[in-house]
Every structure is written in C-alpha cells, then in structure tokens.
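All remarks here apply to the structure that follows.
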Amino acid sequence: MSFDSLAQPWAPTKTDRTQRIPKAANSSWMYMHHPTSWSLEYVKDGKKTKPVFVPKLSRFIMKAGVNGVGGTNDAPQTALARTQIRDNGNVIIDPSKHDYLRVYPAIGGTLTINKWTNPKNLGGKIFMVSDDDGFREWRKSLVADGIIEVPNELVIQGIIQKQLDLIVMHNSKPHIPQAQKDATDAEQKLEDMRKALEGIKKDGKKYYE
Amino acid sequence: MANNLYSTMGDVRMTSVISSEINLLLKDTANLRNTGYMQYIGSINGSGTDSVKVRKIGLMGRDNFESRTEVQAASETSITDDSVTLQVARYSLMYNISDLLNLTATNAQFEPDPFALAASIAESYNALFADLTAAAAAGVTSFAGTSGATMSVSALFEGLYDLEQADSFRGAPGPFYACFHPKSLTELQASLRSEQNNIISQMADTERFVGAKGLGYMGKLFGIDIYRSSYVESDGTDYENWIADGGAMGFVDGVPQIMGAAEVMEMDKVVVEVQREGAQALTSVIGHAYLSVGVIDSNRITRILAVD
C-alpha cells in the first residue's frame with residue numbers, strides 16, 4: 001500500500017485530515033548545512049558515475065522548548081533559534097523556496113519527511129523506501145545552484161585523513177580476509193576522494209553541474 | 001427435557017469479570033535529567049523573562065602564552081566568549097473523567113481516579129523531558145556513521161573520535177555518554193557479536209553489553225555510559241542517536257504558580273490541578289510544565305546515524 005495520495009507539499013501551517021499514516025508524528029523541521037559536513041557519493045555523469053563530495057545535511061527541528069525555539073509545536077517561534085543556527089555558520093535551506101518536504105497526517109499530529117522518502121505499508125509494518133539517487137542529485141544541485149558553497153579544500157583534506165586512518169586500521173589485520181576486503185574497498189574510496197578533490201580544485205562549482 | 005447450559009443462561013452469567021489488578025502497558029520514561037550529564041541551567045520563576053542566556057567564556061587555560069624578548073611589550077589577548085539562549089515553552093496534559101467512571105472504580109492500584117492521573121502526569125513529564133532532549137540532540141550539525149547503514153561498533157568509535165578531536169583538536173574532556181534508539185541499540189549489540197578485533201570481542205564490557213537489556217541505562221562500553229530511549233528522533237531515513245560529553249546539553253524550566261484552582265498537587269516540576277465541570281459531571285485533571293532543553297556546546301556532542 002502506498003501513501004502517495006496522502007502526501008501534501010510542505011506548508012508553514014498544518015491542516016487537519018481524517019486519514020493518517022500509522023506512524024508516530026514528529027515535529028516540523030527543515031534542512032540546514034554546516035560548511036564542514038560533506039560525504040563522498042557517486043552521482044550519474046552520462047552513462048558512468050563520478051565521485052562527488054555532496055553536502056551532508058542536518059535538521060533544524062522546530063519543536064517548542066528545544067534549542068531556542070519558542071511558541072507551540074503548531075506555531076513555533078523560530079527567530080531566535082534561526083539566528084543562533086546562522087551564527088554557528090549553518091545555511092538554512094528554506095522549504096518554501098526548495099520543495100523538498102512532504103507532510104503526512106500521522107498518529108498524534110503530522111509526520112514530516114523529505115520527498116525522496118516514501119512510506120510503504122507491508123503487512124501492517126511501515127517501511128521507509130528512499131530514493132537515494134534522487135536525494136543525492138538534489139544535494140549536488142544545491143552546490144551547482146550556489147545555495148551551498150563548494151567545499152573548502154581543508155575540510156576535504158580532513159575527510160581524506162580519516163579515510164587513511166580507516167585503511168591503517170583494516171591493514172592491521174592481514175590475517176582476516178574480510179578486513180583485507182574492507183581495506184581494498186577503503187583504498188578505492190580514498191582514490192575517489194582524491195579524484196573528487198581534484199575536480200573541485202580544477203573546476204570549482206562547475207564540477208557539480 | 002432441555003439441559004441447563006452456561007451458553008443459554010445469559011441472565012445469570014456474565015460474559016467476563018474484570019481482573020482485580022490493572023496491568024500497565026509499556027512506557028518509556030527513562031531520561032537523562034538526573035544522570036549528571038545534563039546541566040540544570042536554572043528556573044525562570046521570578047526572573048522576569050521566559051528565556052535564559054547560557055554564558056560561555058574561554059578561560060582557565062584556553063589561551064596560551066606568547067613568547068617575548070627581554071623588553072618587548074606584552075600584547076593584549078581577547079577573551080573568547082559565546083552564548084546560547086534557551087526559551088521555555090508550555091506543555092500540558094489533561095485527562096477528563098466522568099463521575100460514573102469514577103464511582104464504578106474498583107480498589108485496584110491503577111484505576112483512573114484523579115490521584116492516579118496526577119501521579120501519571122508526573123511520570124509523563126519524564127517522557128516529555130526525554131522527547132525534548134532527543135529533539136535537541138537531533139539538531140546538532142556534526143554526525144558520525146553512514147546514512148542508511150545499521151548501527152555498528154565502527155560508527156560508535158567514529159562518534160567518539162569526533163569528540164576526542166572536538167574544537168580544533170582540543171577535545172572534549174568527558175566523561176562521555178551515548179543515547180541510542182532501541183533499534184540502533186540492538187544493531188550495536190549485533191555488531192559486537194560479530195566483532196573481529198580481539199581487543200573488543202574479548203572485553204568483559206562486551207560480554208556484559210550483548211546481554212538482555214531493560215529500560216534507560218544500558219551499561220558502559222569503551223568508557224561510554226550508554227542509554228536507550230524510544231524518543232530518539234528520526235528524519236525518516238535514519239535514527240539520530242548521539243554521543244556527548246557531560247557539558248553538551250542543558251535545560252531550563254519553570255514551575256507553575258497556580259492561582260484560583262480548587263485543588264493543586266505539586267508533583268516535582270509539574271503542577272497538577274483539578275477542575276470540576278459540575279453540569280457535565282466531569283472532573284478534569286490538568287498538568288502543566290514549562291521546559292526548554294538545548295545544546296549549549298555543540299563541540300561536545302555529535303550524532304551517530306543509523307538506519308530507521
């Protein structure tokens with residue numbers, strides 16, 4: 001069973017509905033990004049894929065009494081919280097400008113999830129099916145469209161250093177076949193990280209187009 | 001001649017009797033309020049505001065000395081400061097019970113009479129506290145683990161390393177704690193069972209940690225106090241578990257000073273009042289709490305993602 005017909009576009013005010021998804025409600029939220037949060041992903045580039053550092057997003061949860069949010073859960077006052085979030089260097093991605101949220105009637109309120117997550121009911125259990133490719137492409141487009149700045153080289157160097165540490169850890173267990181496989185995979189990922197970094201250094205924002 | 005059967009004597013037999021005891025359904029009221037890991041910033045009562053600014057300052061060794069020649073003048077050092085503001089919100093919980101429901105009550109422990117409801121509301125405050133704490137942690141920018149992947153020993157270590165390197169490698173001082181959604185916690189237990197590294201797989205802590213667990217505190221693993229909470233947030237794809245240092249999060253509250261209620265019961269931070277609607281033969285039991293939970297130092301906390 002699909003819940004597509006229940007999904008509503010994100011809106012600043014909530015509406016009452018009689019049908020609901022059998023999952024607990026959550027608070028309204030929107031994505032934000034910090035300039036140090038990136039992950040290596042593989043995106044389609046013609047018939048091939050290419051490694052790209054895409055932004056790792058976190059959530060600004062608009063729940064009354066949490067992290068400077070006031071008011072009520074239905075009408076949160078977020079001015080103070082937004083200021084604090086921006087002061088910490090985050091970029092808030094406004095859902096009224098970038099259509100990325102879906103709001104479902106749920107148990108005890110509404111369930112807000114991103115539009116690439118699709119709830120499915122299989123035998124009474126709710127499974128969240130994610131369109132990972134679509135979400136990845138959208139995160140890439142945030143950089144291509146200039147909403148989020150291209151990652152700083154120093155930040156990427158830090159991520160590469162972590163990957164090197166991981167390889168050292170796997171290589172410390174040469175007698176374990178699974179560890180050797182993990183080391184080989186990690187080395188391939190390291191190579192792709194370096195390739196993505198070169199792409200950023202050479203083409204900048206164009207690497208994301 | 002007809003037999004006298006149970007099935008035909010509906011006027012002298014009942015369908016069922018009610019049990020003399022009422023059993024509780026499952027609940028999760030475990031939270032971090034009294035663990036020592038949450039900083040109590042204060043109460044707004046009598047303060048003239050609903051918000052509290054948590055002040056931070058870079059003293060007691062944050063700045064290093066500078067070298068100087070014999071007569072070179074010392075240069076002034078600016079003190080680093082910062083703040084986070086928490087704004088208290090009102091939360092309420094109300095039950096209405098009719099006189100008929102109340103007068104037909106037995107003497108069982110959890111009959112929904114006004115006094116049992118007041119005690120229940122006080123317990124619900126613990127659930128609210130856990131809920132707001134999880135929401136505050138979910139707003140943290142940094143995270144370890146991989147979106148869409150199950151919780152693992154590696155992800156826990158990744159989170160721990162983030163804290164140990166926090167704030168340009170100054171590192172959070174600890175002690176550390178982590179809070180996991182029950183699903184993520186079982187995944188961590190499963191990951192421990194298949195751990196290849198002898199240092200970990202042969203630890204006494206590992207043996208204890210893979211055992212059956214109840215609610216709240218789960219035990220210590222790698223020097224981290226591990227808690228479990230069903231209120232850990234999910235973005236639809238991942239549960240937003242977290243690992244933190246003792247000074248990462250704090251809370252502000254206010255205790256209602258109720259005027260004019262017929263009966264008031266003070267239950268810790270919650271105040272419960274009883275309101276009577278005589279015309280409808282209804283009694284309302286209403287609890288109010290004023291609370292705010294927030295991250296007060298984002299260098300001391302990081303999320304650990306694990307698949308929903």
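The values are calculated or read from the model by the stated rules, or taken from the named source; none is laboratory data. Source: prediction; values computed, not measured. Because the Cβ atoms are built from the backbone with ideal geometry, glycine has one as well, and the counts that use them run over all protein chains shown.
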Mind checking which pairs have a first residue in the stretch A:63-85 that is charged (D, E, K, R) and a second that is at pLDDT 95 or above and assigned to a helix (DSSP H, G or I), Cβ under 8 Å, 6 or more apart or different chains? A:63/B:132; A:63/B:135
Any idea how many residues of the stretch A:44-85 are at pLDDT below 90, assigned to a strand (DSSP E or B) and either in contact with a Lys or Arg (Cβ under 9 Å, 6 or more places away or on another chain) or at the interface with chain B (Cβ under 9 Å from one of its Cβ atoms) (or both)? 1
Filter the stretch B:242-296 for residues that are under 18 Å from the mean Cα position of the chain (by Cα) and of a type in the set (Val, Ile, Thr); the one that is nearest to residue B:132 (Cα to Cα) is B:293
Residues satisfying the stated conditions in the stretch B:148-174, i.e. in contact with a Gly (Cβ under 8 Å, 6 or more places away or on another chain), assigned to a helix (DSSP H, G or I) and of a type in the set (A, V, I, L, M): B:155, B:163
Out of A:107, A:147, A:160, A:126, sole residue that is more than 12 Å from every other protein chain (Cβ to nearest Cβ) and in contact with a strand residue (DSSP E or B) (Cβ under 6 Å, 6 or more places away or on another chain): A:107
Extreme residue, nearest to residue B:248 (Cα to Cα), among residues of the stretch B:4-52 that are in a loop (DSSP other than H, G, I, E, B), among the small types (Gly, Ala, Ser) and in contact with a Ser or Thr (Cβ under 8 Å, 6 or more places away or on another chain): B:30
Examine the stretch A:157-167 for a residue that is surrounded by 14 or more Cβ atoms within 10 Å (Cβ to Cβ), out of contact with any Pro (no Cβ under 9 Å at 6 or more places or on another chain), aliphatic (A, V, I, L, M) and in the same structural domain as residue A:60 (by TED's automatic domain parsing), and state whether such a residue exists. no
Kindly establish whether residue A:118 is at the interface with chain B (Cβ under 9 Å from one of its Cβ atoms) and not basic (Lys, Arg). no
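Quick grid of which residues meet (1) surrounded by 13 or more Cβ atoms within 10 Å (Cβ to Cβ); (2) hydroxyl-bearing (Ser, Thr, Tyr); (3) farther than 17 Å from residue A:55 by Cβ:
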{"position": "A:126", "(1), (2), (3)": "yes, no, yes"}
{"position": "A:143", "(1), (2), (3)": "yes, no, no"}
{"position": "A:154", "(1), (2), (3)": "no, no, no"}
{"position": "A:183", "(1), (2), (3)": "yes, no, yes"}
Give me a count of the residues in the stretch A:26-36 that are buried (at least 19 other Cβ atoms within 10 Å of the Cβ) and either more than 9 Å from chain B (Cβ to nearest Cβ) or among the hydroxyl-bearing types (Ser, Thr, Tyr) (or both). 4
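One line per residue, one yes/no per condition, for (1) surrounded by 15 or more Cβ atoms within 10 Å (Cβ to Cβ); (2) modelled with pLDDT of 85 or more:
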residue: B:168; (1), (2): no, no
residue: B:173; (1), (2): no, yes
residue: B:187; (1), (2): yes, yes
residue: B:195; (1), (2): yes, no
residue: B:213; (1), (2): yes, no
residue: B:224; (1), (2): yes, yes
residue: B:234; (1), (2): yes, yes
Within the stretch B:240-265, the residues that are modelled with pLDDT of 90 or more, more than 21 Å from residue B:299 (Cβ to Cβ), away from chain A (no Cβ under 11 Å) and assigned to a strand (DSSP E or B) are B:264, B:265
